[in-house]
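These notes concern the structure reproduced below.
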Amino acid sequence: AAVFYSAGHELNTHGRLTLPAGAPADSNLAELAALAHCLLRHPRGEPLAVFSDSMHALRCAQAAAESGGGGRGRGRRRVSDQTQDGRWGGLVLLIQLLLRLRRGRTAFFKVQAHKGNRSNEIADALAQKGAGGDGSPLPLPAFSGGGPP
């Protein structure tokens with residue numbers, strides 16, 4: 001998983017995911033882990049624009065951002081709809097919590113994958129390095145089955 005701000009930015013990072021034994025990794029999990037890691041490290045009071053080529057991660061983040069008390073949004077997708085699959089349900093709940101703690105504006109944008117967006121290509125290259133075992137484990141809690149183990 002990787003987070004890329006700009007060349008040389010101190011918050012750029014990449015690393016491997018630490019998963020519970022037997023838990024399969026997938027690209028959706030990596031994208032959500034990168035988003036959670038970004039939300040953990042980005043200053044809560046500063047605006048944040050998140051660009052991703054993962055529609056799944058953006059849908060999950062948008063549902064988390066729009067959810068009100070109890071995970072409900074008016075006529076919108078509920079967070080519980082995004083946590084049905086235990087592979088990433090815990091990360092979606094973590095993202096929801098981190099978004100609620102933010103004071104700065106947070107916006108989400110979709111970018112096309114592999115279409116020459118330089119920042120996206122750099123983020124993908126960093127993610128590949130992390131997937132290959134390069135870098136430290138990302139400091140995220142390990143979730144399985146939709147909640148803490």
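Overview of values
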| read-out | value |
| --- | --- |
| Neighbours by Cβ (under 9 Å, 6+ apart or cross-chain): first from the stretch 39-51, closer than 8 Å to residue 102 by Cα; second of a type outside the set (Phe, Trp, Tyr) and open to solvent by 50 Å² or more (accessible area, probe 1.4 Å) | 44/101; 44/103; 45/103 |
| Contacts under 6 angstrom Cβ, first residue in the stretch 1-20 being touching a residue at least 60 places away in the same chain (Cβ under 8 Å), partner among the basic types (Lys, Arg), 6 or more apart | 14/129 |
| Of all residues in the stretch 105-116 being in contact with a strand residue (DSSP E or B) (Cβ under 8 Å, 6 or more places away or on another chain) and in a loop (DSSP other than H, G, I, E, B), the one that is farthest from residue 49 (Cα to Cα) | 111 |
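The values are calculated or read from the model by the stated rules, or taken from the named source; none is laboratory data. Given the structure is predicted, the values throughout are model-derived calculations rather than measurements. Here Cβ is always computed from backbone atoms with ideal geometry, including for glycine, and neighbour counts include all displayed protein chains. Please note that ligands, DNA and RNA were not included when accessible areas were found on the heavy atoms of the full protein model with its side chains. Shrake-Rupley method; radii C 1.70, N 1.55, O 1.52, S 1.80 Å.
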